[in-house]
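*Asks:* One structure is given below, represented as structure tokens, and several questions about it will come after.
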Number of protein chains: 2
Amino acid sequence: MTDTAMVAQQSTDTGAADNALAQTIGRVAGFQAAGVASGIRKSERLDLALIASETPCTAAGVFTTNLVKAAPVLLDQAHLAHSANGIRAVVVNSGVANACTGEQGFTDAAETAACVADTLGCATPDVLVMSTGVIGIPLPMDKIRAGITTAADALQPEGWADAARAIMTTDTRPKCAALVVETPGGPVTIAGIAKGSGMIAPNMATMLAVIATDAALEAPLLQGALQAANAVSFNQIVVDGDMSTNDSVVVLANGAAGVTVEAGPALDAFTEGLTAVCTALAKGLVRDGEGASRFITLHITGAADEESARQVAMTIATSPLVKTAFYGGDANWGRILAAAGRAGVPLDADKLGLWFAAGEKSAAIGEPSAASNGGSGAVQLVANGTPTDYREADAAATMSDEASTVRLDLGRGAATATVWTCDLSHEYVTINGHYRT
Amino acid sequence: MTDTAMVAQQSTDTGAADNALAQTIGRVAGFQAAGVASGIRKSERLDLALIASETPCTAAGVFTTNLVKAAPVLLDQAHLAHSANGIRAVVVNSGVANACTGEQGFTDAAETAACVADTLGCATPDVLVMSTGVIGIPLPMDKIRAGITTAADALQPEGWADAARAIMTTDTRPKCAALVVETPGGPVTIAGIAKGSGMIAPNMATMLAVIATDAALEAPLLQGALQAANAVSFNQIVVDGDMSTNDSVVVLANGAAGVTVEAGPALDAFTEGLTAVCTALAKGLVRDGEGASRFITLHITGAADEESARQVAMTIATSPLVKTAFYGGDANWGRILAAAGRAGVPLDADKLGLWFAAGEKSAAIGEPSAASNGGSGAVQLVANGTPTDYREADAAATMSDEASTVRLDLGRGAATATVWTCDLSHEYVTINGHYRT
């Protein structure tokens, strides 16, 4: 699929991985990015990002399903529907979410887009706007306007790292990912940045991601690819279950690679690559979840249908009891079964099977096929709804790493679901219990 | 309604309230109770409670809707349906939940009932069994049998306080409530004990309540009264959203007061009294919720229907972000609106109104009627979905007490819902993050 391996940035350390990432991101032809300090946030923090394409892009987006939607979300949905020429840029500010801001909020979001359009020489509907930060206060438009001018001057192909930093709120590190995909027509590059998973920050609103590709795709194909990628990446993560008012993922395709991706093998390869980029960003959001100290892969297998598998997975992944047990490194299976039992889907308590394993593992842990491949190191804790004679030390060992995998089999069918989540720590309470001051 | 005011015990301090409570509980004619240390739990903690009636009772129960049900829940449902003579006793152990214990669990629960039946001279189906504690380990039947013998010897009309103590797990104090209800036929007494709200304790399963009355009621009337009372008391509380495998509330009516409660005004008065007892116990559970430092009354008003009002209330009350803000004493309205927006019910973001007030207040806070009555002290934070010009100091003042009230008006109809909940604190994480050792 790729001629360079997937590269994703988790830390701010310079090093081989970061160099490879920078090189790959720099290969997204025809895109430039910048991150500047516009004064929206205190101190000299970068707080405004601009990603621009030299030529118009097809674009696709997926947005929060929260019924309390921030103004920029509603604006972007309109612009994606009505841009006559194609999207040219995405502008993102952190510090202020522009949510619950009424009519003024819409006026401000539209003026932000107009300001970028003026600067870049395109039409207002060709610009997408994202905001993340405190709910309920208006955008400081003077700072936004000045920041856009500064950012436009700073645009450069290597500006992605600054852009990733400028969209952070309480994130502890920027999240970037990039990938070169070999398609039948030639190589194309997909690069993306993201911030803040779930609505995890003090009164902050948002998980945002901006992805760019130099492939050429018709908008419906791009939207389809994004929806497919999103379903198994960003929609598979949960930090605290609190859906934001601002969640947005957009992808821009400017065609600068000279490769047109048509339906068929090319689209399949592109969608696979887009999924890999989205997955790397999504896992990065969980690992940097508020106060997170552990990364948990939760597989539900043997469900009657996918919807019920997902419902059981989300109920377990958002259970405060389960999440605090993960924090304690406690293979506390009773809480997992109890959460499954209240998930609102049919369940046979005496058919449940539960396995734990160290590390990020597939849903095959506990299967004979996994064991015959040298073993998955999985410990079966529950069979037929009752505890096995597992040794507590073996169970505890599966929780000693930064990453663990849990598989719950419902014994009812063949449907599965996977969710990535993190623990609920003292640090989460500290961060979110703070006064907004 | 009553000739003595409602008395509920929250602390272990001796004092006027406790004396009044003890006197009222002692008036439940024909019932005896005991709490003993049978050795199920470490040290000399009371861990087995027995409540017995001198004569057979009509009985009613409401149980967990979790599909992973503990053995005693299934046993009690069968006994309530099949007891030919009437219920004579309830036996409760703490320390072991007898959940996820397979066939052995059912055998052990049935044997526990049989042991009580032998001791008291009644039939096995005349005994109800409750368990609370660790999931997945079998009941220590030797200790249970010996404990039942000890408890039967210790039965006395004043034994309720010991019984309330014996059913505690990580509760920090016993919960008792009692009330004398004046019915057309004369006074009857209703008394109850309860433990542990939600599935809040380390690998512990359960909220349990046992209520006794010396009124005489036909079983269907008693079941109806319990369901009505339960709907607006125990079903209105939430600590962490984790429904237990063992949740049970049972009420026994032995008729020893010589007063028969028939449908009509007598039943209305009885139901009102039962509701008051259940409400006092339910609020006690929230106030003693794991790590709880604040008691929050959450009113949803202006909903299209009760179900959606309740769904919005429960979504807000279980939001980690909302609960940590309560912990921080932060009137963080953005999180409340965002939680409402993801509750899965239709919502008009621009019609939302939000008020905070100090103390336990009614759903009328913010209404002109409340203001004209000297004011409810409510601060309106949001009108038409956007922030008012409230002063932050006024909002913070509503969160400075142990109890606060929040009202969210959806502006869609006339339906309402109320939920009582607590905050999410460092202490919750500490308690539930501990290893099971």
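*Asks:* Label-point separation (nm) for A:E218 and A:D268, each offset 7 Å from Cα along Cα-to-Cβ?
*Replies:* Going from the A:E218 label point to the A:D268 one covers 1.9 nm.
*Asks:* Now for a different question. What's the whole-number percent of alpha carbon pairs in the protein assembly as shown lying beyond 48 angstrom?
*Replies:* On the way: 104613 of 381501 pairs.
When all Cα pairs of the protein assembly as shown are counted, 27 percent exceed 48 Å.
*Asks:* Here is a further query. Assuming R0 = 35 Å, what is the FRET efficiency of A:D142 and B:T65, from their Cβ-Cβ distance, to the nearest 0.05?
*Replies:* 0.05
*Asks:* So how many Å³ per residue does the convex hull of the Cα atoms of region A:179-336 work out to? Write down the numbers at each step before the final one.
*Replies:* Details: hull volume 20.0 nm³, N = 158.
It is 127 Å³ per residue.
*Asks:* From the cross-link list A:K323/A:K361; A:K283/B:K351; B:K323/B:K351; A:K351/B:K175, which pairs have alpha carbons spaced over 29 Å apart?
*Replies:* Details: A:K323/A:K361 19 Å; A:K283/B:K351 36 Å; B:K323/B:K351 24 Å; A:K351/B:K175 37 Å.
Where the Cα-Cα span goes over 29 Å, the pairs concerned are A:K283/B:K351; A:K351/B:K175.
*Asks:* What length, rounded to one decimal in nm, is gained on full extension from A:T55 through to A:K42, with 0.36 nm per residue of separation minus their alpha-carbon distance?
*Replies:* Working: separation 13, 0.36 × 13 = 4.68 nm, distance 3.44 nm.
My answer for the length gained is 1.2 nm.
*Asks:* Scale the Cα Rg of chain A by the rule-of-thumb value 2.2 N^0.38 Å and send over the ratio, two decimals.
*Replies:* Numbers: Rg = 22.0 Å, N = 437, 2.2 N^0.38 = 22.2 Å.
Normalised Cα radius of gyration, chain A: 0.99.
*Asks:* Another question, if that's okay. I'd like to verify something in chain B: which complete DSSP H helices, judged by Cα projection on the helix axis, reach 27 Å or more and average at least 0.0 on the Kyte-Doolittle scale?
*Replies:* Details: long enough: B:102-120 (28 Å, 0.10); B:265-287 (33 Å, 0.78).
Span-like helices in chain B: B:102-120, B:265-287.
*Asks:* What does the charge add up to near A:G39, with Lys and Arg as +1, Asp and Glu as -1, over the other residues with Cβ less than 12 Å from its Cβ? The partial results should precede the final answer.
*Replies:* Values: positive: A:R41, A:K42, A:R45, A:K143, A:R145; negative: A:E44, A:D47, A:D142.
Net of charged neighbours comes to +2.
*Asks:* Given H placed on each backbone N at 1.01 Å, which residues far from A:T388 in sequence or on other chains put an amide H within less than 5 Å of it?
*Replies:* Sorted by chain and number, the residues that satisfy this are A:V382, A:A383.
*Asks:* Hey, another quick one. Which value, in debye to the nearest 20, describes the size of the charge dipole of chain B about its Cα centre when Lys and Arg Cβ atoms bear +1, Asp and Glu Cβ atoms bear -1, and nothing else is charged?
*Replies:* Details: 25 positive and 44 negative charges, 137 e Å.
Value, rounded to 20: 660 debye.
*Asks:* On to the next question. Put a dot 7 Å past each Cα toward the Cβ at B:E103 and A:A304; how far apart are the dots in nm?
*Replies:* It is 2.7 nm.
*Asks:* Can you tell me the convex hull volume per residue for region A:276-334, based on C-alpha atoms, in Å³ to the nearest whole number? List each step's numbers first, then the result.
*Replies:* Working: hull volume 6.2 nm³, N = 59.
With only Cα atoms used, region A:276-334 gives 105 Å³ per residue.
*Asks:* Between beta-carbons, use under 14 Å as the cut-off and find the net charge around A:G341, counting Lys and Arg +1, Asp and Glu -1. Walk me through the intermediate numbers first.
*Replies:* Details: positive: A:R335, A:R342, A:K351, A:R412, B:K69; negative: A:D348, A:D350, B:D242, B:D247.
Charge balance in the 14 Å sphere: +1.
*Asks:* Straight-line reach from B:K42: which lysines have a Cα under 18 Å away, not including same-chain ones fewer than 8 places off?
*Replies:* Of all the lysines, those that pass the test against B:K42 - Cα under 18 Å, at least 8 places apart if same chain - are B:K143.
*Asks:* So if we plug the beta-carbon distance of B:S400 and A:T150 into 1/(1 + (r/R0)^6) with R0 = 60 Å, what FRET efficiency do we get, rounded to 0.05? It would help to have the intermediate numbers written out before the result.
*Replies:* Working: r = 43 Å, r/R0 = 0.72.
About 0.90, to the nearest 0.05.
*Asks:* Work out, step by step, the length gained on full extension between A:N384 and A:T260: first 0.36 nm times the residue separation, then minus their alpha carbon distance; give nm to one decimal. Write down the numbers at each step before the final one.
*Replies:* Values: separation 124, 0.36 × 124 = 44.64 nm, distance 5.21 nm.
Extending this stretch completely gives an extra 39.4 nm.
*Asks:* Can you list the distances in nanometres, one decimal and ascending, from the B:R173 label point to the identical position in each other copy, with the point 7 Å along Cα to Cβ?
*Replies:* Those label-point separations list as 4.7 nm.
*Asks:* Expressed as a rounded percentage, what relative contact order does chain B have, with Cα pairs under 8 Å and six or more residues apart? The partial results should precede the final answer.
*Replies:* Numbers: 1155 pairs, mean separation 75.2, N = 437.
Relative contact order, chain B: 17 percent.
*Asks:* Same structure, new question: How far is it, in nm, from the label point at A:Q227 to the one at B:T170 when both lie 7 Å from their Cα along the line to the Cβ?
*Replies:* A separation of 4.4 nm, rounded to one decimal place.
*Asks:* Quick one: Kirkwood hydrodynamic radius for region B:295-433, alpha-carbon pairs, angstrom, one decimal? Write out the running numbers ahead of the final one.
*Replies:* Numbers: mean 1/r = 0.0673 Å⁻¹.
Value: 14.9 Å, from the Cα pair sum.
*Asks:* Local charge sum around B:T318 (other residues, Cβ-Cβ under 11 Å, Lys/Arg +1, Asp/Glu -1)? Walk me through the numbers on the way to the answer.
*Replies:* Values: positive: B:K323; negative: A:D240, A:D242, B:D240, B:D242.
Here the count lands on -3.
*Asks:* Just rank A:E182, A:E290, fewest to most, by other beta-carbon atoms within 10 angstrom. Let's see the in-between values first.
*Replies:* Working: A:E182 15, A:E290 29.
Sorted ascending by nearby Cβ count, the order is A:E182, A:E290.
Just so you know, all these numbers are worked out from the coordinates, no wet-lab data involved. Keep in mind it's a predicted model, so treat the numbers as computed, not measured. Quick reminder, even Gly has a Cβ in these numbers, built from the backbone with ideal geometry, and neighbours come from all protein chains shown.
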